[in-house]
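A quick write-up on the structure given underneath.
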Amino acid sequence: VVKTLFPLPQAATALTMATNNTDLAVMSMSGGSVNLATVTPNGQVTQLAKWSSYIGENLAVDSNGTYAAPLGAGGVQVLRIDSFGAMTTLVPSPAIGKGKPRGIAIDINSGGYFVGEIPNLFRILPSGTSTVVHTNVAINNGIDMISDARSGDVVISQQASLVRVDPSSGVMTTIQGGFSGCLPGLAYDRTNDAWVMVGSCANTNFNLYRVTRAGALTTVVGVSGATDIE
């Protein structure tokens, strides 16, 4: 069953759980600016930060209570925003900004980040050092990525498929393929030990999907224009 929880003053492009693990943290774009706000379950919106540089469609929160987003300026930077709205950037060394950054996930092994940048997947350590994990990730369209707490792999809803990449070996394995368009939203379903994905880039892909660890696919419900899921 699909229902509207509450309206937002701006178009949401990405979301994650807030640092208090109760509210949502919502990224939105309006008038050339990008905003980060927290939203309570009853719809109260509190703006944390506002900036003008381009941000990709993804947002993550780490164990230190810091929000992170890929920042497409001066190399692929990671913009970090604490729970009070203070902003800092993490600039990889060497800079890896040759394309448009897409996707970010917390690296549960190092405390750093995984960042997608056409066509590469990078690991960025807390020190700012970056290494290439994989050189052929299909991220030309909107994607999302999360870390798998069971294996430490990064799971990516890349263009037309759901894949996992082992950050140690660099081996990429397809969990489920054959989607149309792109899949800009990805989250973990703890109850079913599965991943849920939303599609928004093709008329045949306007759905909420569930994919089990073994690769079994279920279409849960049709959705329209979804950009992220939590």
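The values are calculated or read from the model by the stated rules, or taken from the named source; none is laboratory data. Predicted model only: the values in this text are computed from it and were never measured. Positions of Cβ are backbone-derived with ideal geometry, glycine not excepted, and every protein chain shown enters the neighbour counts. Ligands, DNA and RNA are excluded from the accessible area calculation, which covers all protein heavy atoms including side chains. Shrake-Rupley method; radii C 1.70, N 1.55, O 1.52, S 1.80 Å.
Using bins 5 angstrom wide from zero, how does P(r) for region 8-135 break down, in % of all Cα pairs?
2, 12, 23, 24, 19, 12, 6, 2, 0
Using the crude model of +1 on Lys and Arg Cβ and -1 on Asp and Glu Cβ, and no other charge, please compute the dipole size for region 100-230 relative to its Cα centre, in debye to 20.
Dipole about the Cα centre, nearest 20: 120 debye.
I'd like the FRET efficiency for residue 86 and residue 224, computed as 1/(1 + (r/R0)^6) with the beta carbon distance as r and R0 of 41 Å, rounded to 0.05. Before the final figure, lay out each step's value.
Numbers: r = 36 Å, r/R0 = 0.88.
In this case the efficiency is close to 0.70.
On a full-extension model of 0.36 nm per residue, what is the gain between residue 8 and residue 118, subtracting their alpha-carbon distance, rounded to one decimal in nm?
This chain segment gains 36.5 nm when fully extended.
Among 10-23, 145-158, 215-228, how do they line up from the highest to the lowest mean number of other beta-carbon atoms within 10 Å?
145-158, 10-23, 215-228
Report the Rg/Rh value for the chain, based on alpha-carbon coordinates and the Kirkwood definition of Rh.
Ratio of gyration radius to Kirkwood radius for the chain: 0.94.
In percent, how large is the relative contact order of region 83-229, given Cα pairs closer than 8 Å and 6 or more residues apart?
14
Across the Cα atoms of region 106-148, what radius of gyration and what greatest pairwise Cα-Cα distance (Dmax) are found, in Å?
Gyration radius and largest Cα-Cα distance of region 106-148: 10.3, 29 Å.
Putting +1 on Lys and Arg Cβ atoms and -1 on Asp and Glu Cβ atoms, find which of 129, 67, 112 reaches farthest to the positive end of the dipole of region 59-167.
Of the listed residues, the answer is 129.
Residue 158's amide H: which non-local residues (gap 5+, or another chain) put their own amide H closer than 5 Å, with H modeled 1.01 Å from N in plane and none for Pro or chain starts?
163
Name the long-range amide H neighbours of residue 176: under 5 Å, sequence gap of 5 or more, or other chain; modelled H, no Pro or chain starts.
Sorted by chain and number, the residues that satisfy this are 162.
Quick one: plug the Kirkwood hydrodynamic radius of region 140-210 (C-alpha pairs) into Stokes-Einstein at 4 °C, 1.567 mPa s, and report D in µm²/s.
106
Gain in length, residue 44 to residue 216, computed as 0.36 nm per residue apart minus the alpha-carbon separation, to one decimal in nm?
Net length gain for the segment: 58.2 nm.
Are there chymotrypsin sites (Phe, Trp or Tyr not before Pro) in region 11-95 that DSSP marks as loop and that have at most 11 other Cβ atoms within 10 Å, and which are they?
Details: sites: 51, 54, 67, 84; in loops: 54, 84.
The qualifying sites are 84.
Report the relative contact order of region 110-165, percent, no decimals, based on alpha-carbon pairs under 8 angstrom and at least 6 residues apart.
23
For residue 201, enumerate residues with amide H under 5 Å from its amide H, sequence gap 5+ or separate chain, H modeled in the peptide plane.
Answer set, sorted by chain and number: 182.
What FRET efficiency, computed as 1/(1 + (r/R0)^6) with R0 = 22 Å and r the Cβ-Cβ distance, is obtained for residue 180 and residue 109, rounded to the nearest 0.05?
Using R0 = 22 Å, I get an efficiency of 0.10.
In whole percent, how big is the carbon plus sulfur part of the accessible area of region 162-230, probe 1.4 Å, protein atoms only?
Taking all protein chains in place, region 162-230 shows 48 percent carbon and sulfur surface.
What are the ³J(HN,Hα) values, in whole Hz, obtained from phi via the Karplus relation 6.51 cos²θ - 1.76 cosθ + 1.60 with θ = phi - 60°, for each residue of region 163-179 in sequence order, with x given for Gly and Pro?
Per-residue couplings from phi come out as 10, 10, 10, 7, x, 7, 9, x, 6, 9, 10, 7, 7, 8, x, x, 6 Hz.
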